[in-house]
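Colleague: Here it is, the structure, as structure tokens.
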Amino acid sequence: MIASKVKFAASLYALMSISFWGISFVSTKAVLDKLDLYTLLVLRFGIGALFLLVLLALKRYPLRIPLKYIPHLIVLGILGVFVHQVIQATALLTINASAAGWIISFSPVFTVILSVFFLHEKMTVLKASGMIVAIIGVLLVTTSNNQQSFQLPINVGYLLMILSTLNWAIYSVLLKRLHIQLPSLVITFYMCLIGFILTTPFLIRNRGWEKMPFLTSVEWAHLLFLGVFVSGVAYWYWAKALEVLEVLEASQVSVFLYLEPVATLVTAILLLQEKIIPVSILGGIIIIMGVILVNGRLLTFLKSLPWRNKNL
């Protein structure tokens with residue numbers, strides 16, 4: 001009974017993280033019209049770090065950390081927070097939020113590739129087939145706005161989003177290898193703080209504070225959401241889910257990544273009035289099916305269907 005409750009809590013943490021990250025593309029897109037990239041990120045990381053610092057104070061967690069973990073946190077903060085968010089925000093300057101949501105679900109494919117080289121995992125025929133299927137899906141998503149379906153678009157935004165999935169895979173594999181023995185809330189705070197420190201010089205250079213008075217209440221609401229729930233709660237809850245599920249050996253948290261583009265698509269339609277492009281949705285579905293194959297989750301996925309065959 002206790003194990004079931006813990007697994008349910010971990011699944012809830014992962015689901016909430018994915019939902020927040022999926023919506024983050026929409027909120028970022030909504031604010032980029034008023035603020036430059038680095039001003040947006042400074043505000044986001046600053047709000048997130050302040051929120052997490054308050055949580056640390058309420059929980060009375062010590063801020064002092066062992067010296068041996070400082071290089072680890074710096075590397076993870078640069079890759080998982082600073083570089084990752086800069087790449088994604090830059091990509092959103094030229095592509096729509098829903099396309100970004102579909103492409104980001106490609107990340108587990110790169111994770112498998114890196115695991116083969118660095119974690120010595122085996123590459124099977126099923127994984128290779130899944131990678132091919134997922135790549136076809138990415139091609140459909142990135143060409144969905146073209147009149148000629150299979151003509152690759154000259155749009156750096158799509159390439160940056162694909163690069164962000166590779167970056168996230170590197171971060172995930174590195175996080176697994178480092179095994180930092182600190183509370184997830186402490187790790188998240190320092191990663192967010194590193195993102196704030198690294199982006200602040202760009203805000204000073206661009207005089208980003210001059211544009212802040214022109215933000216509307218809706219745009220400030222988007223910034224608060226990005227800071228508190230995306231940079232703060234989502235990273236924290238994702239780390240908590242990884243800790244619990246790794247101990248229990250229950251299931252892969254990456255399964256929840258399949259739901260991220262769905263959250264992005266629904267929110268983009270409701271808040272940004274983005275058009276539904278059938279080819280893009282088809283490509284997104286193909287990406288998810290390919291990722292399911294790559295992660296060896298096909299049988300589990302089929303069993304979860306309401307009309308599943310009980311003999312599976």
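The values are calculated or read from the model by the stated rules, or taken from the named source; none is laboratory data. Bear in mind that the values here come from a model prediction, so they are computed numbers and not experimental data. Heads up, the Cβs are rebuilt from the backbone with ideal geometry, glycines too, and the neighbour counts pull from every protein chain shown. In case anyone asks, the SASA skips ligands and DNA or RNA and just uses the protein heavy atoms, side chains included. Shrake-Rupley method; radii C 1.70, N 1.55, O 1.52, S 1.80 Å.
Colleague: For residue 215, state whether it is among the aliphatic types (A, V, I, L, M) and modelled with pLDDT of 90 or more.
Modeller: yes
Colleague: Continuing with the same structure: Which of the numbered conditions does residue 275 fail, given that it passes all the others? Conditions: (1) under 30 Å from residue 66 (Cβ atoms); (2) at pLDDT below 80.
Modeller: It is condition (1) that residue 275 fails.
Colleague: Restrict the check to the stretch 198-205 and report whether at least one residue is farther than 30 Å from residue 65 by Cα and modelled with pLDDT of 85 or more.
Modeller: The answer is yes, given that some residue of the stretch 198-205 is farther than 30 Å from residue 65 by Cα and modelled with pLDDT of 85 or more.
Colleague: Please go through (1) open to solvent by 30 Å² or more (accessible area, probe 1.4 Å); (2) among the small types (Gly, Ala, Ser); (3) within 18 Å of the chain's Cα centre (by Cα) for residue 227 and return the number of the only condition it doesn't satisfy.
Modeller: In the conditions (1) open to solvent by 30 Å² or more (accessible area, probe 1.4 Å); (2) among the small types (Gly, Ala, Ser); (3) within 18 Å of the chain's Cα centre (by Cα), residue 227 misses (1) alone.
Colleague: For the stretch 265-283, give me each residue that is within 17 Å of residue 219 (Cβ to Cβ), touching a helix residue (DSSP H, G or I) at 6+ places or on another chain (Cβ under 9 Å) and open to solvent by 60 Å² or more (accessible area, probe 1.4 Å). Break it down into steps so the answer makes sense when it comes.
Modeller: Restricting attention to the stretch 265-283, the residues satisfying the condition of being within 17 Å of residue 219 (Cβ to Cβ) are 267-268, 270-273.
From what's left, touching a helix residue (DSSP H, G or I) at 6+ places or on another chain (Cβ under 9 Å): 267-268, 270-272.
Hits for the stretch 265-283 are 270, 271.
Colleague: Can I ask one more? Mind telling me which of the residues 62, 71 ends up being in a helix (DSSP H, G or I) and surrounded by fewer than 23 Cβ atoms within 10 Å (Cβ to Cβ)? Full working, then the answer.
Modeller: Values: 62 fails: in a helix (DSSP H, G or I).
None of the other options fit; the residue is 71.
Colleague: Got a sec? Which of 43, 56, 92 is at pLDDT 90 or above, open to solvent by less than 10 Å² (accessible area, probe 1.4 Å) and of a type outside the set (Lys, Arg)?
Modeller: 56 is the lone residue from the list that is at pLDDT 90 or above, open to solvent by less than 10 Å² (accessible area, probe 1.4 Å) and of a type outside the set (Lys, Arg).
Colleague: Also, I was wondering about something else. Test of understanding: among 159, 166, which residue is within 25 Å of residue 94 (Cα to Cα), open to solvent by 60 Å² or more (accessible area, probe 1.4 Å), at pLDDT below 90 and within 18 Å of the chain's Cα centre (by Cα)? Explain how you work it out, then say what you get.
Modeller: Details: 166 fails: open to solvent by 60 Å² or more (accessible area, probe 1.4 Å).
So the residue among 159, 166 that is within 25 Å of residue 94 (Cα to Cα), open to solvent by 60 Å² or more (accessible area, probe 1.4 Å), at pLDDT below 90 and within 18 Å of the chain's Cα centre (by Cα) is 159.
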